[in-house]
Amino acid sequence: MTMSPGARGVRKGRIVIAFVATTIIAGGLYYALTSGERGGFPTNRAGSGVALIGGPFTLVDQNGARRSDLDFRGKFMLIYFGYTHCPDACPMALQSMTDAIGSLGERGAGVESIFITVDPARDTSEHLKRYLENFHPRMVALTGDESAIAAVAKAYRIFYTTARDQHAAAGTAQPSNADYLIDHSSFIYLMGRDGRYLTHFPSNASPEQLAEGIRKFL
């Protein structure tokens, strides 16, 4: 079947977008995992050196209240970066976090589960509040303006590409506000009561694996 010039152009644009997004994410993950003192994932655990992941932030929660990292001192933070329009990895990670906290029983009260969006344009406080109805009742969702989200993502070594980035790089038309995905690195971080990095898990870690990892620090 012969493909029209217009269809070939659309297909080429999609291929370029996918290649650019994959390259950026792969490069970011390689940097994070290999950069050592330049800011990548540390090989040491908390207490053996300066943590290279994490830092101060001021964002807005699902109730419209301003929240900073200092609000969570005295509790462990189980943090995941994602977005509500994510079709699979994000809801699976949040569900695992929900089940893990539940399995810890009373000890789980000392762990704050936090979802930070990388899609502030669509993930408003009101939208996040509705989304959280599917997960743990104590889960906190955080959003903010683009610069605030970029800053906290940088502090936590999270790499993401928005639709604007992808289409600008590919030279193709911007999608509608509701018609795009976001590529992002996907880890679940466990931060200590003092806000310092303890360890991280892959986004597909089971509730049992998360709970076992958390118990080591309780």
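The values are calculated or read from the model by the stated rules, or taken from the named source; none is laboratory data. Nothing here was measured: the structure is a model prediction, and the numbers come from that model. Ideal geometry is used to build each Cβ from the backbone, glycine not excepted, and the neighbour counts take in all protein chains shown. Accessible surface areas use protein heavy atoms only, side chains included; no ligands, DNA or RNA. Shrake-Rupley method; radii C 1.70, N 1.55, O 1.52, S 1.80 Å.
A compact table of results
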{"item": "Members of the stretch 119-140 found to be open to solvent by 60 Å² or more (accessible area, probe 1.4 Å), over 8 Å from Q62 (Cα atoms) and part of a helix (DSSP H, G or I), listed by number", "result": "R130, E133, N134"}
{"item": "Pairs where the first residue, in the stretch 130-148, is in contact (Cβ under 8 Å) with a residue 12 or more places away in the chain and the second is open to solvent by 90 Å² or more (accessible area, probe 1.4 Å) and in a helix (DSSP H, G or I), C-beta under 8 Å, 6+ apart", "result": "A141/K129"}
{"item": "Tabulated pairs, the stretch 82-111, first free of Cβ contacts under 8 Å to residues at least 12 places away in the same chain, second of a type in the set (V, I, T) and surrounded by 14 or more Cβ atoms within 10 Å (Cβ to Cβ), C-beta under 7 angstrom, 6+ apart or interchain", "result": "G108/I101"}
{"item": "Matching strands (runs of 3 or more DSSP E) fully within the stretch 52-96 where at least 3 residues are out of contact with any Asp or Glu (no Cβ under 7 Å at 6 or more places or on another chain)", "result": "58-61, 76-82"}
{"item": "Residue among Y180, Y197 that alone is at pLDDT 95 or above and either farther than 24 Å from F72 by Cα or open to solvent by less than 80 Å² (accessible area, probe 1.4 Å) (or both)", "result": "Y197"}
{"item": "Number of the exception - G213 against (1) small (G, A, S); (2) open to solvent by 20 Å² or more (accessible area, probe 1.4 Å); (3) without any contact (Cβ under 8 Å) to a residue 40 or more places away in the chain", "result": "(2)"}
{"item": "Within the stretch 33-70, considering residues that are among the acidic types (D, E) and farther than 18 Å from P137 by Cα, the one modelled with the lowest pLDDT", "result": "E37"}
{"item": "The stretch 84-97: number of residues that are open to solvent by less than 20 Å² (accessible area, probe 1.4 Å) and more than 11 Å from A205 (Cα to Cα)", "result": "3"}
